[in-house]
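Written below as structure tokens is the structure these notes are about.
The values are calculated or read from the model by the stated rules, or taken from the named source; none is laboratory data. Note that the structure is predicted; figures quoted are calculated from it, not measured. We place every Cβ from the backbone using ideal geometry, glycine too, and count neighbours over all the protein chains shown.
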There are 2 protein chains.
Amino acid sequence: MTPAVPAYRRLSVEERRSQLLEAALSLFALRAPEDVSLDDVAEAAGVSRPLVYRYFPGGKQQLYEAALRSAAEELRHCFDEPHEGPLLPRLGRALDRYLAFVGRHDAGFSALLQGGSVVETSRTTAIVDGVRRAAAEHIYSHLGVNGPGPRLRMTVRMWITAVEAASLIWLDEDKDPPVGELRDWLVEQFVALLTVTARRDPQTAEVVRGALAART
Amino acid sequence: MTPAVPAYRRLSVEERRSQLLEAALSLFALRAPEDVSLDDVAEAAGVSRPLVYRYFPGGKQQLYEAALRSAAEELRHCFDEPHEGPLLPRLGRALDRYLAFVGRHDAGFSALLQGGSVVETSRTTAIVDGVRRAAAEHIYSHLGVNGPGPRLRMTVRMWITAVEAASLIWLDEDKDPPVGELRDWLVEQFVALLTVTARRDPQTAEVVRGALAART
């Protein structure tokens, strides 16, 4: 390793990568992905342009995908809730983390999840869909369901989509209602949707009687 | 029975345009927009290549946008329900038309509404968003609401997004559940979501007491 610029050597490859992704995410929070260049990232991170190119030789597209992957990883952690205590507070805590993520990245959240017009590809769509799928799997597991049927699956996926829509609208509306109210409201909607489906689907009825009824 | 050539002169400009858009839509129903060429459209419509170029000199992008606009127009008509009789059957009839549209265009519905990776632009996004906005406006008007507040707006927009998600999942699941069940289920979800919001929002509470309570 060439000891040309001493400050560079203080960070490990992983740390440097994280620093660059963090800088990129903060830029995506302000601008559409196609309006963020590697030069901008170098400037935001306070490093040289060649360094950014060394980490992301694939250019803008690679950087965007890496940033998306890193955000997706962070989002996945939001849903990583211990299987302990009553169900609805667990869901509430996961939503708290999710909404904190949304609030922190703000416009970048929309840009990342909707994909920029230039850089959206089947790969970026797959990353975002992976997060949705992970969220659904977490929910089935907390509900104690093995092999969710089509009606339960449709209900859970509709709710996840509705939560995404609510997050985007919430950002548009300058984070009104307050985050705590939004979280409780989303939990109540989850219960309401499951209750409606329970009338048509024995598996969902079982879930509502079991996992959800355990709330006090 | 393909008397292709003489038929040219029988169609007016508008009719010809519709015919070409219809052919394009049927192709988008089978393939991603970026995999449909003007040549394919010419072949599907049984007309010459130069004729298609004459109608869509802007090429593929123009054709795609025109097809999207035409589908959007058709979708708008789905929501055009007379203000007569109880509210929920009105919503049910609008959903029947919407789901018939979804079922008829099948894979093309996903392609059109999600935008192809190559051809998605802020303009195509605006066309799709315009349909969502029109659907929301129809709903407010049927609910008898002037100036919906943020909570009612968020609820209606979440439901519209959830309906879109349900349509895409429904196509994925080979149209299970049957369309009549899906329609009733979506109406019930609408009522459930409004009822949950009504606990937090006086305007929505008024709507639930008024328009929705009028159902028998």
State which residue pairs qualify: first residue facing chain B (nearest Cβ under 7 Å) and inside the stretch A:176-198, second residue in a helix (DSSP H, G or I) and surrounded by fewer than 17 Cβ atoms within 10 Å (Cβ to Cβ) in any location, beta carbons under 6 Å apart, and separation of 6 or more residues or different chains.
A:176/B:150
Say whether the condition of being under 19 Å from the mean Cα position of the chain (by Cα), within 7 Å of another protein chain (Cβ to nearest Cβ) and assigned to a helix (DSSP H, G or I) is met by at least one residue in the stretch B:166-173.
yes
Would you point out which residue out of B:200, B:209, B:153, B:132 is in contact with a helix residue (DSSP H, G or I) (Cβ under 7 Å, 6 or more places away or on another chain), among the basic types (Lys, Arg) and part of a helix (DSSP H, G or I)?
B:132
For residue A:73, indicate whether it is part of a helix (DSSP H, G or I), under 30 Å from residue A:140 (Cβ atoms) and in contact with a Lys or Arg (Cβ under 7 Å, 6 or more places away or on another chain).
no
Report whether or not residue A:58 is at negative phi, of a type in the set (Gly, Ala, Ser) and outside any helix (DSSP H, G or I).
yes
Taking the stated definitions as given, is residue B:163 more than 10 Å from every other protein chain (Cβ to nearest Cβ), of a type in the set (A, V, I, L, M) and either touching a residue at least 12 places away in the same chain (Cβ under 8 Å) or crowded, with 16+ Cβ neighbours inside 10 Å (or both)?
no
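Conditions (1) crowded, with 18+ Cβ neighbours inside 10 Å; (2) modelled with pLDDT of 95 or more, marked per residue:
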site	(1), (2)
B:67	yes, no
B:86	no, no
B:93	no, yes
B:125	no, no
B:146	no, no
B:155	yes, yes
Pick out the one residue from B:103, B:116 that is within 12 Å of another protein chain (Cβ to nearest Cβ), surrounded by fewer than 22 Cβ atoms within 10 Å (Cβ to Cβ) and either in contact with a helix residue (DSSP H, G or I) (Cβ under 8 Å, 6 or more places away or on another chain) or modelled with pLDDT under 85 (or both).
B:116
Only one of B:153, B:133, B:209 that is within 11 Å of chain A (Cβ to nearest Cβ) and either over 21 Å from residue B:92 (Cβ atoms) or among the basic types (Lys, Arg) (or both)
B:153
Identify, from the list A:27, A:38, the residue that is more than 19 Å from residue A:106 (Cα to Cα), at pLDDT 80 or above and surrounded by 18 or more Cβ atoms within 10 Å (Cβ to Cβ).
A:38
